Amino acid sequence: MSQLVQDFQSMLRIRRFEETVLESFSRGLFFGTTHTYLGQEAIAVGVLYHCSQEDIVVSNHRCHGHFLAYGGPMRSLAAELMGRSTGVCGGRGGSQHLTWNHFYSSGILGGTVPLGTGMAFAQRERGAGIVFVFLGDGALGEGVVYESLNMASLWRLPVLFVVENNKYAQTTPIEKNLAGGLRERFAAFSLPVEAVEGAELDAIRDASKYLINGIRSGSGPAALICSTYRFGPHSKGDDLRDPQEIARHRANDPLIRIRKDLPGETASRIQKVVDDEVRTAFEQAESDPMADPQSLTPPLEVLS
Amino acid sequence: MTTVLESLNQGLRSCLEESQEVYLLGEDILDPYGGAFKVTRGLSTSFPERVITTPISEAGFIGISTGMAVRGLRPVVEIMFGDFLTLAADQLVNYAAKLRWMSVDEVRVPLVVRTPMGGRRGYGPTHSQSLEKHFLGIPGLRVLALHHCLSPAETIRSAVLRDNDPVLFIEHKLSYGLDVWDEGSAGEFHIEQSAGLYPEVRITLAEAPQPLVTIAAYGYAVHLALEAVRELGYGHEVFAEVVAPTQLSPARTDGLAGHVRRTRRLVTVEEASGEFGWGTELIASLSLAGLDGFRVNRVAAMDMPIPASGPLEKAVLPQVEDIVSAVLDVC
């Protein structure tokens, strides 16, 4: 399969998964809430193209796209959202709290940044692998982010901070949230920074490759800032943005852009493969048993 | 004799010697300063690669240490004053304590956060508190408190080398200068130690009759309680035992319940303010365990911030005479 076809399929898998999540909510299939990755697919796919087996990914509340791009199993993710025993974390975590292989996500903004930075410390000590930390523009309001950037830079830790600037912190636009420049916030700690358009897969892949080469060669942390837009609401029913604004950004859909480069027949074939995969994953997850209260274990045992 | 401070320092040194995975992180912990209370003195000289000074970023470096622990290292963090723990509450409560359970035991977090708590040195409202009570009862976080009747070196070694879960390790500032007691050096006292990685000790006056009252205390309050036991025994002929857990949370009250079943009297002693505190939880647990009709009293700080001035601080924090009168009240 050509790279272009692979990329299209990877992005479409995320798109269809997230669309299905939003479509299925009204059926009462899920517990809690969710934060979809619609519109931001090219970032996860482009950045994690460079993720090797020994690398680590630390994600946030909007984690499904990162998880799928990392290679996480779709059925287990669907099952986790549905609170099934076969879920990624047996139904304990739900949409935001995933741990799988070297992938970790959690639900409170900012706190994942020191977590990932500490993992990079361990990677450096072992001489193996780097860490990808995904954060949004909203998380830049948390002070612990800057504490982490400072130490990551002081200790030259192998970590790439990927900022997905989707212009909104929940419902609040970035103009009301963030003073000064995005780039400057990283440059202040002497991190190399690349800024890219978040719908341009190749630009994302190239810029992250450049930064990752530096990180792998021991030059310390770096930041990739991606300008993007989420097509869906922050979670599910809380979208107050101007519909015209959304429509304008939808015209710059990364999926439409990549699809243009593919023969129509190929695109349709991939579309069908992905539709089938997503439908099957949700059907299987729905037929899986609910998580069993018997599976609950105490968080600490008595040590003898 | 070895002081608590020396014992802790030796314990940390032996951890660094025995495991390449042990790292110490904290503010101003490098030589020649060796930490605000000198617990890490000499260690950065011997282990320069693994003793790391940090910026003043408690949330950041507890979070970073959590990430290190998730990936197989054994970080030991020093928080200069326990009062500063609130800065890192999110990292402890929402990350360190939850990662193992959320991942169905896929992830382990062998992190130790050490910190000095307590007053009696005139440091005033923000450098004298015993904030550990706010970290008790957090599922997934173990809270330990050292005291001078159990080897601090062994206690810290257990937490650093043998515990694979996050530990908040409380050290009272005034404990540092006390001599460590064992059975041979406890003078007129007799010390018994329970089984387990984090034993509970029971201390009585040797040669005294069966105790009439059980005093539960941890940390430096163990020292105060023993002073009270001495005064009660010699001055009032009231004999008391002190039961001192090392593990505060999750609470394990089986041993204590056994003692109180016998004495029918319990006095809890803690240096934090009493409302919603450690003693309250012990009393509730014993009631729920089916003990009824036992008399209780609770000794704690007054419910207000801790003042700096000597006489004011003394009035707010529990003293030996408060323990003595609390015991006499239930006898």
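The values are calculated or read from the model by the stated rules, or taken from the named source; none is laboratory data. Quick caveat, the model's predicted, so the values are computed rather than measured. Cβ placement follows ideal geometry from the backbone for every residue including glycine, while neighbour counts extend to all protein chains displayed.
Data overview
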{"item": "Any hit, the stretch B:9-17, residues being more than 22 Å from the chain's Cα centre (by Cα), modelled with pLDDT of 95 or more, assigned to a helix (DSSP H, G or I) and among the polar types (S, T, N, Q)", "result": "no"}
{"item": "The lone exception for residue B:109 - which of (1) of a type in the set (Val, Ile, Thr); (2) at the interface with chain A (Cβ under 10 Å from one of its Cβ atoms); (3) assigned to a loop (DSSP other than H, G, I, E, B) it fails", "result": "(2)"}
{"item": "Number of positions in the stretch B:35-65 that are in a helix (DSSP H, G or I) and away from chain A (no Cβ under 14 Å)", "result": "4"}
{"item": "Inter-residue pairs, beta-carbon under 8 Å, first under 18 Å from residue B:174 (Cα atoms) and in the stretch B:311-331, second among the polar types (S, T, N, Q) and not in a helix (DSSP H, G or I), 6+ apart", "result": "B:313/B:128"}
{"item": "Criterion (assigned to a helix (DSSP H, G or I), over 10 Å from the mean Cα position of the chain (by Cα), farther than 21 Å from residue A:279 by Cα and not polar (S, T, N, Q)) met by exactly one of A:12, A:22, A:4", "result": "A:4"}
{"item": "Residue in the stretch B:76-93 that is out of contact with any Ser or Thr (no Cβ under 9 Å at 6 or more places or on another chain), in a loop (DSSP other than H, G, I, E, B) and within 14 Å of another protein chain (Cβ to nearest Cβ) present", "result": "no"}
{"item": "Residue within the stretch B:237-252 that is more than 21 Å from residue B:224 (Cα to Cα) and modelled with pLDDT under 95 present", "result": "yes"}
{"item": "Set B:182, B:163: member being within 14 Å of chain A (Cβ to nearest Cβ), among the acidic types (Asp, Glu), farther than 28 Å from residue B:273 by Cβ and more than 12 Å from the chain's Cα centre (by Cα)", "result": "B:163"}
{"item": "Any chance residue B:306 is crowded, with 20+ Cβ neighbours inside 10 Å and closer than 21 Å to residue B:190 by Cα", "result": "no"}
{"item": "Residue that is nearest to residue A:197 (Cα to Cα), among those in the stretch A:24-34 that are touching a residue at least 12 places away in the same chain (Cβ under 8 Å) and out of contact with any helix residue (DSSP H, G or I) (no Cβ under 8 Å at 6 or more places or on another chain)", "result": "A:33"}
{"item": "Residue A:200 without any contact (Cβ under 8 Å) to a residue 60 or more places away in the chain and acidic (Asp, Glu)", "result": "no"}
{"item": "From B:140, B:233, residue being away from every other protein chain (no Cβ under 14 Å) and either over 30 Å from residue B:110 (Cα atoms) or assigned to a loop (DSSP other than H, G, I, E, B) (or both)", "result": "B:233"}
{"item": "Residue selected from the stretch A:217-246 under the condition of a type outside the set (S, T, N, Q) and touching a His at 6+ places or on another chain (Cβ under 8 Å), by the criterion modelled with the lowest pLDDT", "result": "A:234"}
{"item": "Output for the stretch A:182-206, where each listed residue is within 30 Å of residue A:261 (Cα to Cα), part of a helix (DSSP H, G or I) and among the charged types (D, E, K, R)", "result": "A:202, A:205, A:206"}
{"item": "Total residues in the stretch B:53-68, condition under 22 Å from residue A:123 (Cα atoms) and either without any contact (Cβ under 8 Å) to a residue 24 or more places away in the chain or surrounded by fewer than 23 Cβ atoms within 10 Å (Cβ to Cβ) (or both)", "result": "5"}
{"item": "Test: residue in the stretch B:117-130 that is in a loop (DSSP other than H, G, I, E, B), in contact with a Ser or Thr (Cβ under 6 Å, 6 or more places away or on another chain) and either within 16 Å of residue B:219 (Cα to Cα) or away from chain A (no Cβ under 13 Å) (or both)", "result": "yes"}
{"item": "Residue that is surrounded by the fewest Cβ atoms within 10 Å (Cβ to Cβ), among those in the stretch A:236-274 that are within 21 Å of the chain's Cα centre (by Cα) and over 24 Å from residue A:170 (Cβ atoms)", "result": "A:256"}
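Yes/no matrix, rows are residues, columns are (1) more than 21 Å from residue B:146 (Cβ to Cβ); (2) free of Cβ contacts under 8 Å to residues at least 24 places away in the same chain:
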position: B:186; (1), (2): no, no
position: B:207; (1), (2): yes, yes
position: B:238; (1), (2): yes, no
position: B:243; (1), (2): no, no
position: B:249; (1), (2): no, no
position: B:257; (1), (2): yes, no
